[in-house]
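A short worksheet on the structure shown next.
The values are calculated or read from the model by the stated rules, or taken from the named source; none is laboratory data. Computed from a predicted structure; not experimentally measured. So basically every Cβ, Gly included, is an ideal-geometry build from the backbone, and we count neighbours across all protein chains shown. Side chains included, ligands, DNA and RNA excluded: accessible areas come from the protein's heavy atoms. Shrake-Rupley method; radii C 1.70, N 1.55, O 1.52, S 1.80 Å.
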Amino acid sequence: MRIGELAGAVGVTPRAIRHYHHLGLLPEPERRPNGYRVYGLRHAVALARIRRLTELGLGLAEVRDALADDAGRELAEILAELDADLARQEAALQERRARLRSLLDDAERGRLTREGPVSPELADFFGEMARASAEHAVPHSAMAEQDRAFLALLDTTAAPEDRDAFLAAMRPALASPGAAERAHEVYVRLDALADADLADPRTDDAVDRAARLLADALPDSLVTELGVTGARVLAEGGGAGDEGFLAAVFAEFAPAQAEAVRRAMRLLVRRGTHGEETG
């Protein structure tokens with residue numbers, strides 16, 4: 001048989017056969033005086049086996065290992081590894097489909113968040129935020145939107161256990177009496193600082209009031225989760241010359257807003273330090 005005839009008989013392309021020759025998977029046949037390769041039955045059998053192995057999902061390097069072991073022990077080991085890998089892929093695919101079904105259900109019920117898709121844990125947290133706002137007719141806030149965007153980013157970048165711990169630490173801020181009203185007042189104060197001039201003494205007073213309201217609205221559980229060290233990092237973050245993730249977060253705030261957040265974090269540091277001293 002010539003290469004085209006062999007390719008047609010086994011169901012591969014001549015190009016694939018030449019590639020298998022190049023990789024040493026398929027032995028080179030004898031050539032006629034005119035230079036054409038002449039293939040026999042053993043070549044067809046070997047090529048058919050290569051095709052079956054690749055159709056199972058083996059890579060060509062794994063096929064080479066399998067063909068080199070006449071006893072078949074290497075092949076059995078490779079097939080077991082392939083089966084385990086396919087099982088992992090199947091489980092991951094089922095998990096993804098379950099997540100998609102949940103998102104589609106949320107979309108049908110009008111519960112798909114604008115930041116989505118997010119984890120079910122954050123979707124539940126957003127739902128709690130929305131219910132608290134709806135019950136108290138809290139209006140739209142630019143700072144509230146930034147908070148949601150930050151949480152969506154945290155949802156993607158943080159380890160699930162860290163994300164869950166942070167959300168658990170924030171939940172008392174939603175559930176405590178008067179939480180929605182306090183949050184509304186904080187956002188109103190922070191939104192009002194969007195165009196404020198830090199050089200104006202009146203702005204300094206407004207920043208201080210906003211910082212104290214923000215610190216009062218944040219629960220002790222958040223201080224515990226952040227720790228004094230974490231709160232101190234936030235209290236000093238986003239300053240001139242800073243780079244990285246924290247600086248990028250603070251860069252989204254107007255100068256007066258960023259200063260209010262930093263001052264609120266300093267108050268949390270004092271609260272946490274006081275708790276450690278008296279605990």
Exactly which GluC sites (Glu not before Pro) in the stretch 1-85 are in a DSSP loop and have at most 14 other Cβ atoms within 10 Å? Glu30
Calculated FRET efficiency for the pair Gln89/Leu60, C-beta based, R₀ 30 Å, to 0.05: 0.95
Burial order of peptide ranges 214-221, 153-160, 123-130 (average beta-carbon count within 10 Å, highest first): 214-221, 123-130, 153-160
In nanometres, the difference between 0.36 nm per residue of separation and the alpha-carbon distance of Leu154 and Glu30 is 38.3 nm
So, with +1 on the Cβ of K and R and -1 on the Cβ of D and E, and no other charges, what is the size of the charge dipole of the stretch 1-159 about its Cα centre, to the nearest 20 debye? 1200
Ordered by packing density, taken as the mean number of other Cβ atoms within 10 Å over each peptide's residues, highest first, how do 32-41, 192-201 rank? 192-201, 32-41
So Ala165 and His21, fully extended at 0.36 nm per residue minus their Cα-Cα distance, gain in nm 46.2 nm
Solvent-accessible area, 1.4 Å probe, carbon plus sulfur percent, for the stretch 92-214: 55
